[in-house]
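**Q** The structure's right below; bear with me while I get my questions together.
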Amino acid sequence: MKDFILWHEEIGTKGVTGAPGLYTSRECPSAGFAYKNALHYGRGLFEGMRAYWDEGQRALFIACLDDHVARMHRGMRTLRFFREQKHHEGIYADKRLTPAHLRKIILNVVRENVREGHVNPQDGCYIRPLVFRGNKTDLDERPRPALGVSAMHNNIEFIVTLADMGAKYLDNPRVLVATTGVQDELRRTKACGNYCRNGLETDIARSHGFDETLLTDTRTERNVLEGGGENLFLLSKKRGGYALLTPGTDQDILPGTKRNVVMHIASALGYNITEGRVQLDMIFDSHWEAAFFTGTAVETEPISEVYDPVTKRRRHFSPDHPAFTRIREQYQSLFRGKPVERKLLRLQEIKRTKVPV
């Protein structure tokens, strides 16, 4: 396994503690997790980013960096990582973890890994920022063994790690619908604890020979929400073109950064886009000719099959739908710096951040 260079900093009530900076993955001071709040109770947030090589500019670009940073910072406020009342002494109130700081550190980590040869820029890489509640501390900011679901008096740790993208994450996945619905507004935040359920349902799907899960809400009509780590789109023909349907952000879904990009691409291609409730029955309606996932790891990937074990219904989709293929081609071109539709030139400019090396 590669000994990637990563960033670690720990912030307590009096400011930065320890030695914030770059470490190899074997040296990172956050190795002792025994009493960290996030390990026991899931109080943390993460993002998944992807860096693509631009052959024309001979440079590495991070896709949607500012979108990811903004979402992480919003999530930190949702999980109360910031003090809201001035009289709450002993609660983390450091202003260090601003969007600008998060952005700077992420770029720095990727740059240093490229410079040190841990990352081949032409292969791109996966970037995982993680912020979480760590240990409780004494008056001298020394960690002390203490547990409890409340995390107001726990230090906050920020880590940025890298990984190779490796093989394709999903390949024309076969999807198993989860038998139990979910309902929780916190799912609109990329909180660590949310992925316990997502991961469990994905494990169930894979143990039955499928590749991914499909989550629904708790309503009788079982409105589709998302995959284990992806947003969902349905595609059909309409008079004079094509139409896309995707669950709306007023539901308990994660508003994906790549979901947003795909909607811009579809609009530029002249497709009609609707955000709204997607009843599970609609997936089995022949009106919808294709279904696909979007996400940082999966990019854009067609679904080949959906099976609902509750109703015993099964639907097969063609992975080669021409309208989907156009979206996929524009997506790849946009992030790799290749020619795109004229209406997407501005999007290509603002959704890519060059890594300084």
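**Q** If you take the residues of the range 266-278 that are of a type outside the set (Ser, Thr, Tyr) and in contact with a Ser or Thr (Cβ under 9 Å, 6 or more places away or on another chain), which of them is surrounded by the most Cβ atoms within 10 Å (Cβ to Cβ)?
**A** It comes out as Val278.
**Q** From the residues in the range 237-266 that are small (Gly, Ala, Ser) and either in contact with a Leu (Cβ under 8 Å, 6 or more places away or on another chain) or touching a residue at least 60 places away in the same chain (Cβ under 8 Å) (or both), which one is farthest from His287 (Cα to Cα)?
**A** Ala266
**Q** Now, a different point. Kindly indicate the residue of the range 150-164 that is over 20 Å from the mean Cα position of the chain (by Cα) and in a strand (DSSP E or B) and also nearest to His101 (Cα to Cα) among those meeting that condition.
**A** The qualifying residue nearest to His101 (Cα to Cα) is Ile156.
**Q** Hey, another quick one. Just to be sure, is Leu215 in contact with a strand residue (DSSP E or B) (Cβ under 7 Å, 6 or more places away or on another chain) and hydrophobic (A, V, I, L, M, F, W, C)? It would help to see each step written out before you state the result.
**A** On the way: in contact with a strand residue (DSSP E or B) (Cβ under 7 Å, 6 or more places away or on another chain): yes; hydrophobic (A, V, I, L, M, F, W, C): yes.
So Leu215 fits the description; yes.
**Q** How about the range 175-208: which of its residues are hydroxyl-bearing (Ser, Thr, Tyr), assigned to a loop (DSSP other than H, G, I, E, B) and within 23 Å of Leu39 (Cα to Cα)?
**A** Result: Thr189, single match.
**Q** Related question: Tell me, please, whether a residue that is touching a helix residue (DSSP H, G or I) at 6+ places or on another chain (Cβ under 7 Å), under 23 Å from Gln348 (Cα atoms) and of a type in the set (Val, Ile, Thr) can be found in the range 295-302.
**A** yes
**Q** Return the residue satisfying two criteria in turn: it lies in the range 166-190 and is surrounded by fewer than 15 Cβ atoms within 10 Å (Cβ to Cβ) and touching a helix residue (DSSP H, G or I) at 6+ places or on another chain (Cβ under 9 Å), and of such residues it is nearest to Leu45 (Cα to Cα).
**A** Ranking the qualifying residues of the range 166-190, first place goes to Leu186.
**Q** With (1) in contact (Cβ under 8 Å) with a residue 40 or more places away in the chain; (2) outside any helix (DSSP H, G or I); (3) buried (at least 21 other Cβ atoms within 10 Å of the Cβ) as the list, and Glu221 as the residue in question, which single condition is left unmet?
**A** For Glu221, the failing item is (3).
**Q** Within the range 231-262, restricting attention to residues that are charged (D, E, K, R) and part of a strand (DSSP E or B), which residue is surrounded by the fewest Cβ atoms within 10 Å (Cβ to Cβ)?
**A** Lys238
All of the numbers you see were taken from the coordinates with simple rules; none came from a lab. Nothing here was measured: the structure is a model prediction, and the numbers come from that model. Counting neighbours? That spans all protein chains shown, and the Cβs are built from the backbone with ideal geometry, glycine included.
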